[in-house]
Amino acid sequence: MIISVGVLNRKVFPRNFCLARGLVRLGNEVTLLTCNNRMRYHHECRDGVNIVAFPDFFGYRLTKGGLGIIDTITRIFYLLKRDFDIVHVDVGFRPSGGIPGHLYAKIKNVPYICDWWDWIGYGGALDDRSALYKMTLGALDNYFEVAEKKSADGIVTISRCLQERALNNGIPKEKTTVIHGGADIDPDNTSYISKKEIRNKLGLDQNSIILGFAGMGPHEYIDLLPFFEALPALKQNIKNLMWFSTGGHLPEEIRNRYGIGDEYHELGWTSVETYKDYLMAADILLLPMKDNMGSRARWPNKMGDYLAAGRPIISTDVGEISHFAAQFPDSVRMVQWDSNSVANEIMALISDPALMEKIGRNNLDIARNHYSWDAKAKEFDSFYRKILEGKHSGIA
């Protein structure tokens, strides 16, 4: 059973659903709990996954963060009447994940397994928050982020950095594992979709040089600062340049400061199909990251989407991307976090279309053979069984 603090069909839901579907394909029975963000109970079976979404009257801003009161209470009542072998919680330091998850694990004497996706507290994401946030919800997150992990039977960390943090907090290494997020791709589909085909579908100019960035947000645009600084030179050298982002809004102040104009297309939150199509329509996908604790501790989930798109990726030599590039050296084009390095690599790639296609096809192969959610589900399943065996033998 997977407990998610996310909202049905929004943001983190696709990640959890893809994992659950992969586990079902391995022969497991999986129930995925989430929030409906409406005052209505919802239940469906999708691709073999039993999805249960609980109502709450709070708005999306609170429910998406696992803070819904009704959501939390109804999950507890639902769980107490059912039997599962394990409980896996994505964000256990928030109420709608950790409270029902810990209660169920304690009452039913089953393993409590949790994810660790980011460095949430001080030293990480909390450092960039407002003073008011640090004194309120941030203070609770800072404490429970680690406290919840100490009481878990198993921890799936997204990075070696977070695994090391777990060890430094006295958690035995055998209770931890590192598993990156996957790529939403059918490993049995071997077709490669050309830019020409997908641009025809979207009505985009075949002759444009298109750069893409997924997941714009209030902090993510900071990672793009070297790209923004490189834009004047890029626009001067590439007359038909276009770039797009998905996700949140790029602040007007940033647009004005860097002279971002009509070459930029802000897609916002699109459908899954449109999102995938635009990534495939790009010549190059951008993933620059500033070298800080937040970047070292994370695995950008957009990386799986980029690989599945089958296009070249430009990134910086930071954290898990460094480990990935060491394993797959012909995948990511590494740059320094500065405008000249970013601009030079973009120009070098677009001057060699054959190389771009070669890199893109290689990335698609990596997505199919190593990073599909079916492949990742096998890693999760193996870890589940290890923790379950330890729990029943009295080791955990």
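The values are calculated or read from the model by the stated rules, or taken from the named source; none is laboratory data. Small disclaimer: the values here were computed from a predicted structure and weren't measured. Positions of Cβ are backbone-derived with ideal geometry, glycine not excepted, and every protein chain shown enters the neighbour counts. These accessible areas exclude ligands, DNA and RNA; they are computed on the full protein's heavy atoms, side chains included. Shrake-Rupley method; radii C 1.70, N 1.55, O 1.52, S 1.80 Å.
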**Report entry** Criterion violated by Tyr133 - all others in (1) in contact with a helix residue (DSSP H, G or I) (Cβ under 6 Å, 6 or more places away or on another chain); (2) assigned to a helix (DSSP H, G or I); (3) surrounded by fewer than 16 Cβ atoms within 10 Å (Cβ to Cβ) satisfied
**Finding:** (1)
Query raised in the report: Is region 100-113 home to any residue that is in a helix (DSSP H, G or I) and of a type in the set (Val, Ile, Thr)?
Result: yes
Report task. Confirm whether Gly170 is free of Cβ contacts under 8 Å to residues at least 60 places away in the same chain and in a loop (DSSP other than H, G, I, E, B). Result -> yes
**Report entry** Only one of Asp184, Asp188 that is closer than 23 Å to Leu19 by Cβ, without any contact (Cβ under 8 Å) to a residue 24 or more places away in the chain and open to solvent by 30 Å² or more (accessible area, probe 1.4 Å)
**Finding:** Asp188
Query raised in the report: If we scan region 29-44, do we find a residue that is assigned to a loop (DSSP other than H, G, I, E, B), in contact (Cβ under 8 Å) with a residue 24 or more places away in the chain, open to solvent by 10 Å² or more (accessible area, probe 1.4 Å) and among the acidic types (Asp, Glu)?
Result: no
Query raised in the report: Given the residues Ser339, Ser393, which is the only one that is among the polar types (S, T, N, Q) and surrounded by fewer than 17 Cβ atoms within 10 Å (Cβ to Cβ)?
Result: Ser393
Query raised in the report: Can you tell me which of Val146, Val156 is in contact (Cβ under 8 Å) with a residue 40 or more places away in the chain and open to solvent by less than 70 Å² (accessible area, probe 1.4 Å)?
Result: Val156
Query raised in the report: Restricting region 212-264 to residues that are among the aromatic types (Phe, Trp, Tyr) and open to solvent by 10 Å² or more (accessible area, probe 1.4 Å), which is modelled with the lowest pLDDT?
Result: Tyr221
Query raised in the report: Restricting attention to region 280-301, which residues are assigned to a helix (DSSP H, G or I), surrounded by 22 or more Cβ atoms within 10 Å (Cβ to Cβ) and of a type outside the set (Gly, Ala, Ser)?
Result: Met280
